[in-house]
Each structure stands twice: as structure tokens, then as C-alpha cells.
1. So which of Lys129, Lys84 is basic (Lys, Arg), exposed (fewer than 13 other Cβ atoms within 10 Å of the Cβ), closer than 30 Å to Leu246 by Cβ and modelled with pLDDT under 80?
2. I'd like to check something: does region 97-116 contain any residue that is outside any helix (DSSP H, G or I) and polar (S, T, N, Q)?
3. Any idea how many residues of region 183-215 are farther than 23 Å from Gly241 by Cα and outside any helix (DSSP H, G or I)?
4. Would you mind stating whether Gly241 is assigned to a helix (DSSP H, G or I), within 17 Å of the chain's Cα centre (by Cα) and over 28 Å from Met327 (Cβ atoms)?
5. Residue by residue through region 263-319, note down the ones that are in contact with a Cys (Cβ under 9 Å, 6 or more places away or on another chain) and of a type outside the set (A, V, I, L, M).
6. I need a count of the residues in region 256-280 that are surrounded by 13 or more Cβ atoms within 10 Å (Cβ to Cβ) and either within 13 Å of Phe164 (Cα to Cα) or among the basic types (Lys, Arg) (or both).
Amino acid sequence: MFGFDLTTLSFVGLVSLAACAVVYTFLFDRVSNEKNQEKRVGRIKSRHTTNEGRAKAHARVADATKRRQSVQSSLKELEERNKKKNSNKAGIKEKIRQAGLTISMRQFVIMSVIVGIVLMGLTYVVTGKLLVAVAAAVVGGLGLPRWVVNFLKKRRMGKFTEEFPNAVDVIVRGVKAGLPLNDCLGIVAAEAKEPVCSEFKKILETQNMGVPMTEAIQKLFKNVPLTEANFFGIVIAIQQGAGGNLSEALGNLSKVLRDRKKIKNKIKAMSAEAKASAMIIGALPLIVALLVYLTTPSYIMTLFTHPTGHIILMCSAVWMGIGCMVMRAMINFDF
């Protein structure tokens with residue numbers, strides 16, 4: 001009647017139906033997600049419109065606010081306490097304890113005097129000059145023993161950093177298994193490597209004397225002045241004060257400690273070339289001077305026999321020292 005037969009109309013209808021099916025297939029997820037979102041929004045609105053729902057919502061908000069304020073106050077208190085502890089630099093007595101040495105301050109002074117006297121005698125025998133011998137005694141009596149203590153302390157802190165994440169993992173597994181925190185600390189004190197073993201023994205001994213757990217663990221940062229030990233004390237203090245899942249908090253701490261360790265190793269690897277270059281540049285003048293002395297001694301002995309040569313050597317030593325300190329500052333990363 002209108003110029004279209006039944007076959008053409010059927011074909012157009014089927015094509016339209018297929019197109020609608022294809023469009024619906026691609027938009028089905030979005031439509032269903034929008035419907036689910038509308039349902040969830042409707043349930044939440046109906047939940048909050050009732051008096052009971054409003055009361056529960058306000059209670060949840062108040063509880064979350066209270067926990068957040070408690071955590072913030074705990075962090076602020078711990079930060080102020082650590083600032084007071086770190087306001088003064090550690091003395092030589094504290095450094096001796098942090099280095100793991102068992103000598104007293106009197107013994108350290110006696111050893112320093114002996115080292116100074118020995119170096120003074122050796123220098124006087126070699127050079128025959130009293131002023132140089134006195135300078136060697138001062139350096140040997142005041143500088144060398146303190147350098148040894150600082151070296152031992154740094155090495156002990158490095159060992160603690162290597163072993164501490166494993167100790168935290170042991171505590172996490174013990175807490176998840178249902179053991180009390182004291183028993184987990186006892187396991188670490190019995191089975192961990194040094195110096196973690198001895199430091200956790202000190203924590204248990206301090207607690208057995210009646211000191212609360214939080215204060216006993218906070219003393220760990222005093223004996224081991226590392227950021228990792230401070231993190232551990234803060235986590236335990238917050239958990240003791242505000243509650244929460246201790247295993248989850250310590251698990252996150254263990255992950256942070258291992259990430260810090262990875263960053264530290266990465267920094268060492270990236271700065272190894274610069275450190276090697278600095279060592280070569282710093283040692284090059286001494287090596288050249290030694291080779292010149294071995295080949296032609298008369299050519300270089302003027303620096304050691306003539307007053308002008310003494311001035312040149314002194315200025316060269318000062319500039320070399322400044323250059324070494326600048327290179328050390330450029331390759332020394334603190335994080």
C-alpha cells in the first residue's frame with residue numbers, strides 16, 4: 001500500500017532489534033552499576049532517616065574522632081618526649097653503652113691516656129721534636145679512642161638495622177598465633193642475633209623491675225638511637241593507649257623497615273661510583289708524591305727541608321682536607 005513489502009519491513013525490524021541488543025550488551029554493566037548505586041544510596045538514606053540509624057552514624061563518627069584524637073595526642077606526646085631526649089648530644093658515656101662496650105668511664109680515660117703517652121713516645125723517637133710529640137699525644141689521647149667508639153657504635157647500629165625487621169616479623173607471627181606480647185619479646189630475646197637479642201633482654205629486664213611496657217620499649221630508642229627503634233616504640237605506645245590490631249600495625253611497620261632497608265642499599269649502590277672516585281682523587285696526590293720520592297728523592301725533598309716547602313705542604317694539606325670534606329658532603333645521603 002505504501003510501497004513497502006512485508007519482507008523489507010521484517011528486515012528493518014530485525015536489524016533495529018539486533019542494534020538495540022548490541023547497544024544493551026555494551027551498556028549493561030553501566031546500567032546495572034547505576035541501579036546498584038541507586039539502591040545502595042537509597043538504603044543509606046533510609047538508614048540515616050530513622051532515629052536509630054542517626055544514632056549509630058553519630059556514634060561511629062564520634063568513635064572515629066575519639067580514636068583519631070587519641071592517636072594524635074599520643075604522637076604529639078611521643079614527639080615532644082623524643083625532642084627532649086635528643087636536645088642534647090649523646091656524651092661519650094652514652095656512646096660507649098650504645099657501642100656495646102662494657103668498660104666504665106674511668107677505664108676509658110685510662111686507656112686514652114695510655115694511647116696518648118705511647119703515641120707521644122713513638123713520635124718523639126721518630127722525629128725528635130717535642131712539639132710534634134705533644135700534638136701526637138693530644139690526637140692519640142682525645143681523638144683516636146673516640147673515633148674507635150664511634151666506629152664500633154656505627155657498626156653495631158648497622159647490625160641492629162639488618163636484624164630488626166626479622167625480629168618484628170617474629171613478633172607479628174607470635175601475636176597472630178595468640179601469644180602475649182611479652183612472650184613474643186622473650187622469643188626475640190632468646191633467638192635473635194646480636195645486638196637485637198641483648199637489647200630485647202634489656203626490655204624484659206626493665207619490665208620485670210616494674211616498669212610499664214610502653215616505657216620499657218621507649219628505652220630501646222635511648223640505647224639504640226635509630227629511627228627504626230623509634231618507630232617500634234611509637235607503634236607499641238599507640239596500640240597500648242588507643243587499642244587496635246597490633247599484628248596489623250607491626251606488619252605495616254615491618255614492611256616500612258624493609259622498604260627503608262631497600263632504599264638504603266639502593267643509595268649505597270648508586271653512590272658507590274662517586275665514593276670510589278672520591279677515594280681515588282683523595283689518594284692520588286699521596287701516591288704521586290710517593291712515586292716521585294722513590295724515583296727521584298732529591299726532586300721532592302725540598303718540600304721537607306726548605307721553609308717555603310713546609311708552607312706549601314701545609315697549604316696543600318688544608319686544601320686537600322677541604323676538598324675531601326666537600327666530596328664527602330656531596331656523596332653522603334641522609335634519609
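1. On inspection, the qualifying residue turns out to be Lys84.
2. yes
3. Total satisfying the criteria: 4.
4. It is false that Gly241 is assigned to a helix (DSSP H, G or I), within 17 Å of the chain's Cα centre (by Cα) and over 28 Å from Met327 (Cβ atoms).
5. Gly282
6. 7
Quick grid of which residues meet (1) closer than 16 Å to Gly100 by Cα; (2) under 23 Å from the mean Cα position of the chain (by Cα); (3) of a type in the set (Val, Ile, Thr):
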position	(1), (2), (3)
Phe160	yes, yes, no
Gly174	no, no, no
Val188	no, yes, yes
Asn208	no, no, no
Ile217	no, yes, yes
Phe221	yes, yes, no
Phe231	no, yes, no
Ile234	no, yes, yes
Ala249	no, yes, no
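The values are calculated or read from the model by the stated rules, or taken from the named source; none is laboratory data. Keep in mind the model is a prediction, meaning the values are calculated, not measured. Neighbour counts run over all protein chains shown; Cβ positions are idealised from the backbone, glycine included.
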